[in-house]
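One structure is given below, encoded as structure tokens.
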Amino acid sequence: MERIVKDTTANPAPLGLLGFGATTLLLNLHNAGLFGLNDMILMMGLFYGGFAQIIAGIQENKKGNTFGATAFTSYGAFWWTLVGIWILNKGGYMAADHIALGSYMFVWGIVTLIFFIGTLNGPTIGKIVFGSVTLLFILLGLHFFFESALLGKIAGYVGIIAGLSAMYEAAALILNEKYGKQILPL
């Protein structure tokens, strides 16, 4: 007779969502014009946006969740590459111009669109998170291509919505599990 083993490991999605959401929120407060790009954003990108999401992605992989594993690991790597681009650009080493940066953002828009399509059979909040992030990357791509401050600022406000929606989803997952009932709807 086959013995059934219950999975007692924690849900890694809230960690990944908070890492993504908080870092996205912080960067887009900058994009909206509240403060300049600084070491605070770089460190959030490396550690909470990058490292924590990669950990969440590895944990999702162990749970057999292809979507979560791929999404969290991908966006963790996104934050590391973005910080690397900023640092190398600042140093003038193989600096990416506005066309290259726009292309980078559009590529991430395509990646995010794939994930968005993957959310269409799930809870509403997932659609909001990935839909707003898809729009964010498109706006950022256009911002860089056209060197438009206005598009950058609009992207910032969309990014604030994206970051807050990811943080909301994380809060709902944590609180609903903790209280054993729906505290925040998904």
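Setting aside same-chain residues fewer than 8 positions from LYS90, which lysines have a Cα under 22 Å from its Cα?
Cross-link targets: LYS153.
Could you state the accessible area per residue of the chain in Å², with a 1.4 Å probe and every protein chain left in place?
In whole numbers, the chain has 55 Å² accessible per residue.
Return the ratio Rg/(2.2 N^0.38 Å) for the range 16-55, where Rg is computed over Cα atoms only.
After normalising by residue count via 2.2 N^0.38 Å, the value is 1.10.
Calculate for the chain the 222 nm mean residue ellipticity that helices alone would give, adding -39,500 (n - 2.57) per DSSP H run of length 4 or more and normalising by residue count, nearest 500 deg cm²/dmol.
-25000 deg cm²/dmol
If the cut-off is 13 Å between C-alpha atoms, which aspartates and glutamates fall inside it for LYS6, apart from same-chain ones fewer than 8 positions away?
none
Taking one equal scatterer on every alpha-carbon of the range 24-106, how large is log10 of I(q)/I(0) by Debye at q = 0.16, 0.21 1/Å?
Computed log10 I(q)/I(0) values: -0.69, -1.01.
According to a simple spin-label model (label point 7 Å from Cα along Cα-to-Cβ), what is the distance in nm between ALA10 and ALA77?
Taking the simple label geometry, ALA77 and ALA10 are separated by 2.6 nm.
How large is ³J(HN,Hα) for each residue in the range 28-33, as worked out from phi by the Karplus curve 6.51 cos²θ - 1.76 cosθ + 1.60 (θ = phi - 60°), to whole Hz, x for Gly and Pro?
Ordered by residue, 3J(HN,Hα) equals 7, 5, 5, 4, 6, x Hz.
Alpha carbons only, please: Rg and Dmax for the range 93-156, in angstrom.
Every Cα atom of the range 93-156 included, Rg and Dmax give 13.1, 44 Å.
What full-extension length gain, to one decimal in nm, is calculated for ILE183 and TYR93 as 0.36 nm per residue of separation minus the Cα-Cα distance?
That pair, ILE183 and TYR93, stretches by 27.5 nm at full extension.
Specify which labelled value, from (i) 1.07; (ii) 1.68; (iii) 0.98, agrees with Cα Rg over 2.2 N^0.38 Å derived from the coordinates of the model shown.
(i)
The values are calculated or read from the model by the stated rules, or taken from the named source; none is laboratory data. What you see is a predicted model; the values in this text were computed from it and never measured. When we count neighbours, we look across all protein chains shown, and the Cβ atoms used for this are built from the backbone with ideal geometry, even at glycine. Heavy atoms of the whole protein, side chains included, go into the accessibility calculation; ligands, DNA and RNA do not. Shrake-Rupley method; radii C 1.70, N 1.55, O 1.52, S 1.80 Å.
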